Amino acid sequence: MTTLSRDHDSEMLRYALDYFADYISYDTTSDPHNPDCPSNPRIFDLARKIVQDLEALGLEARVDDHAYVYATLPGNTPARYSLGLISHMDTSPDMSGANIKARRLNYTGDPVVLNADHPDYKEGKEEAILLDEATFPGLSDLRGQDLVVTDGHSLLGADDKAGISEIMALVKYLVKHPEIPHGDIQVAFTPDEEIGRGADLFDVEGFGADLAFTMDGSKLGEMECENFNAASARIMVQGRSVHPGSAKDQMRNALTLAAEFILAMPEQEKPEYTEHYEGFYHLTDVQGSVEHAQLDYIIRDFDKENFAHRKQFMQDLVDRLNAEKGDKIFSIALKDSYFNMKEKIEPYAFMLDYAREAMAECGIETLEVPIRGGTDGAQLSYKGLPCPNLFVGGDNFHGRYEYLVVPTMEKACQLLVQLVQKFI
């Protein structure tokens, strides 16, 4: 196992980095094409390892039949609330989460050659994979800080194994420092968050928390209580395959028709053109042949009315194209994934106040931003467990350029210590 911690690191940071180095060695890439839960059975391997680690700290922990991990750290003082802390074990299917090669470096501002030690780069078989400020301007704020990066051939897994590691570091720290007062702390780690199913089978009642936070944010100070309304749309295109030598007026190429649908979608309402509170349509997958094609989209918007409009727009486009072609060539299957948790968090505004106070005590400036995505907390809030989201210190999630900011991980650990004391 790669060692990422250093002797000069603080106690909690060493705990967090040691857990992180261990947990990223498990391939937990979720699979959107597998309807089972977990979608990747290897998630069980990490779940069982976490249970072992929790039991080694003296906690009663369990993993259920769907790879959800639950445990309780009993309180050492009477408390008004039982607080939950939640992160997810799976990593994004956008890039491989297997064979992660992580290293820690001090970022000077110079471009980082991620694959500097990779055999293919050394042998001249591949170009340098650069993490640099020309592509990622936000790096300029991190000069002089330690980062954990990959070798450019996988994602890192900070989303969300950094969150898991910080929660585990908190538990270990509180076990070793019983002088710190806290109530019951419920911890849970979920599968399949990255494919929108992380909270589907979550046992809210059995979890036992009154309130919870997910640890699944990014930059220092982020606190999020708004997220996209989300849906998926699958467009099926039925073609007609005929030998191309005799295809005139007979062939109906599903791939060409699928391209027509794609080009009819709003050009400027794609993720690469939107920010802040702007919604989008995102084409995530294309499969097909002359006979049949399939387009998978995700739909996102913060506003309920705009969200409904976006879904209706796609239905109307299917209907219009069918009317133009004079046949039912296109069909659509729409499915809601999760909703904006803002209205479910608002009655529990004191949670946000506590988080702001805890951040201030840690010297952190609170950065309140909408989540341009979703967390397990969105669904859990609708299941009766209010669940804002806090930062973990990673960035550039879901790809080879993902990194973890070590000082921000340390701040996340410090924040948790202060936060749990607010609920007694």
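The values are calculated or read from the model by the stated rules, or taken from the named source; none is laboratory data. Values in this document were obtained by computation on a predicted structure and should not be read as measured data. Note: ideal-geometry Cβ built from the backbone for every residue, glycine included; neighbour counts use all protein chains shown. When the accessible area is computed, the model is the full protein with side chains, heavy atoms only, and any ligands, DNA or RNA have been set aside. Shrake-Rupley method; radii C 1.70, N 1.55, O 1.52, S 1.80 Å.
Values for this structure:
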read-out	value
SER232 - accessible surface, heavy atoms, 1.4 Å probe, Å² rounded to 10	40 Å²
Relative packing of peptides 310-320, 403-413 - highest average C-beta neighbours within 10 Å first	403-413, 310-320
For the range 95-228, diffusion coefficient by Stokes-Einstein and Kirkwood Rh (Cα), 4 °C, 1.567 mPa s, µm²/s	71 µm²/s
Globularity index of the range 351-399, i.e. its alpha-carbon radius of gyration over 2.2 N^0.38 Å	1.31
Mean projected area (nm²) of the alpha-carbon convex hull when the range 79-161 is viewed from all directions	8.2 nm²
Under the Debye formula (equal points on every Cα, no solvent term), log10 I(q)/I(0) of the chain at q = 0.12, 0.13 Å⁻¹	-1.00, -1.14
Shape of the range 176-230, Cα gyration tensor, a/c cut at 1.5	oblate
Relative contact order for the chain, counting Cα pairs under 8 Å that sit 6 or more residues apart, in percent	23 percent
Per-residue SASA entry for GLU267, accessible area with 1.4 Å probe, Å² rounded to 10	90 Å²
Cα→Cβ-extended label distance, 7 Å offset, between GLN312 and ASP120, nm	4.8 nm
Cα-projected label distance for ARG42 with THR2, points at 7 Å along beta-carbon direction, nm	1.6 nm
Per-residue HN-Hα couplings for the range 40-45 [Karplus 6.51, -1.76, 1.60; θ = phi - 60°; Hz; x = Gly/Pro]	10, x, 5, 4, 4, 4
Probe 1.4 Å - accessible area at TYR277, Å² to nearest ten	120 Å²
Whole-Hz ³J(HN,Hα) from phi, Karplus 6.51 cos²θ - 1.76 cosθ + 1.60, for the range 255-269, glycine and proline x	5, 5, 5, 4, 4, 5, 4, 4, 5, 7, 6, x, 4, 8, 10
Solvent exposure, largest accessible area first (probe 1.4 Å, DNA, RNA and ligands not counted), of GLU133, GLU291, GLU205	GLU205, GLU291, GLU133
Amide H within-cut-off set for ASP151, under 5 Å, with H built and near neighbours excluded	LYS101
Fraction of accessible area attributable to carbon and sulfur, the range 264-423 (%, probe 1.4 Å)	47 percent
Ellipsoid equivalent to the range 272-412 - semi-axes via the Cα gyration tensor, in Å	38, 19, 12
The range 335-424 shape via C-alpha gyration tensor axes, a/c threshold 1.5	oblate
Exposure ranking of PHE339, PHE189, PHE136 by accessible area [1.4 Å probe, largest first]	PHE339, PHE136, PHE189
Accessible surface, 1.4 Å probe, highest first, among residues TYR273, TYR173	TYR273, TYR173
Long-range Cα-Cα pairs in the range 206-294 (distance over 21 Å), rounded percent	57 percent
Cα gyration tensor category, rounded, prolate or oblate, for the range 9-103 with a/c compared to 1.5	oblate
Normalised contact order of the range 133-234, rounded percent, pairs of Cα under 8 Å and 6 or more residues apart	21 percent
